[in-house]
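Student: My questions will all concern the structure given below.
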DNA sequence: GCATTAACACGTA
DNA sequence: TACGTGTTAATGC
């Protein structure tokens, strides 16, 4: 089992719970290491746990009948997801692809439901995350028709760096231009040009194998 | 027109 | 050396 110190350092919501609930959550946690290119979840899988990204990068999406990959969200470190399927007790609705070597934390189903039934703090946490996701998806529907490639990249980055959904991420992330393209749904050359534009606009700073966000508010609102 | 793929040179870890 | 970046040419929607 994970130690108390590591628990508080790696699980962003740990400190929001009172000590007895922390203990219950800590006992329900386990960890897995995943290789790039593998799938953590396939659509239709049984739901076994609530999942948090400790390190690395994954992509939540699905594959259309014609075989085209569609991205719904990037999953950077400290992002927790999958509560929807747990709450509804239904099979997974999406695929989760591992983009680069990743470690995940798994809160088992029994602990998740115990916290839902007994912890006010945990329910507040879930409400906050769900509310933030609703905002993201509504904004996505609103803009999807009109966005050009640079704006798509800007929005994808802004989503990754959402401080409510990924509070431990800070303003830097190890992610290369190919991976940004995969998240934004554009090719690598287009991602490359978009990143240069966004850098010239002062919104981000490109680093070798990574990105630093300079102005998250403007990045979120960027429309070309 | 703009995007994609494939290929190349170059720089960095 | 292996990987990431920047760019171009050919091609497609």
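Here's the yes/no breakdown for (1) over 24 Å from residue A:224 (Cα atoms); (2) away from DNA strand B (no atom under 14 Å from the Cβ):
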position: A:125; (1), (2): yes, yes
position: A:140; (1), (2): no, yes
position: A:170; (1), (2): yes, yes
position: A:180; (1), (2): no, no
position: A:183; (1), (2): no, no
position: A:192; (1), (2): no, no
position: A:197; (1), (2): no, no
position: A:207; (1), (2): no, no
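Student: Here's a follow-up. Test residue A:185 against the stated conditions and say whether it is farther than 20 Å from residue A:62 by Cα and modelled with pLDDT under 95. Walk me through it before giving the result.
Tutor: On the way: farther than 20 Å from residue A:62 by Cα: no; modelled with pLDDT under 95: yes.
Here the answer is no, as residue A:185 does not meet what is asked.
Student: Please work out which residue is surrounded by the most Cβ atoms within 10 Å (Cβ to Cβ), limiting yourself to the stretch A:184-224 and to residues that are more than 22 Å from the chain's Cα centre (by Cα) and closer than 10 Å to residue A:154 by Cβ.
Tutor: For the stretch A:184-224, the residue satisfying everything is A:197.
Student: Residue by residue through the stretch A:199-216, note down the ones that are away from DNA strand C (no atom under 11 Å from the Cβ) and assigned to a helix (DSSP H, G or I).
Tutor: A:200, A:216
Student: Those residues that are in contact (Cβ under 8 Å) with a residue 60 or more places away in the chain, surrounded by 15 or more Cβ atoms within 10 Å (Cβ to Cβ) and farther than 25 Å from residue A:88 by Cα, I need them from the stretch A:3-50; list them, please.
Tutor: A:10, A:34
Student: Exactly one of these conditions fails for residue A:92: (1) within 16 Å of DNA strand C (Cβ to nearest atom); (2) surrounded by 14 or more Cβ atoms within 10 Å (Cβ to Cβ). Give me its number.
Tutor: (1)
Student: Counting only residues that are within 30 Å of residue A:221 (Cα to Cα) and in contact with a strand residue (DSSP E or B) (Cβ under 8 Å, 6 or more places away or on another chain), how many does the stretch A:94-135 have?
Tutor: Of the residues in the stretch A:94-135, 9 are within 30 Å of residue A:221 (Cα to Cα) and in contact with a strand residue (DSSP E or B) (Cβ under 8 Å, 6 or more places away or on another chain).
Student: Now, a different point. Out of curiosity, is residue A:162 free of Cβ contacts under 8 Å to residues at least 40 places away in the same chain, closer than 29 Å to residue A:11 by Cβ and either more than 13 Å from DNA strand C (Cβ to nearest atom) or surrounded by fewer than 20 Cβ atoms within 10 Å (Cβ to Cβ) (or both)?
Tutor: Working: free of Cβ contacts under 8 Å to residues at least 40 places away in the same chain: yes; closer than 29 Å to residue A:11 by Cβ: yes; either more than 13 Å from DNA strand C (Cβ to nearest atom) or surrounded by fewer than 20 Cβ atoms within 10 Å (Cβ to Cβ) (or both): yes.
In short, yes.
Student: If you check residue A:175 against the conditions, is it surrounded by fewer than 19 Cβ atoms within 10 Å (Cβ to Cβ) and either closer than 30 Å to residue A:6 by Cβ or more than 16 Å from DNA strand B (Cβ to nearest atom) (or both)? Don't jump to the end; show me each part of the working.
Tutor: Details: surrounded by fewer than 19 Cβ atoms within 10 Å (Cβ to Cβ): no; either closer than 30 Å to residue A:6 by Cβ or more than 16 Å from DNA strand B (Cβ to nearest atom) (or both): yes.
Judged against the criteria, residue A:175 is not a match.
The values are calculated or read from the model by the stated rules, or taken from the named source; none is laboratory data. These numbers were taken from a predicted model, which means no experiment stands behind them. Positions of Cβ are generated from backbone atoms using ideal geometry, with glycine treated the same way; all protein chains shown enter the neighbour counts.
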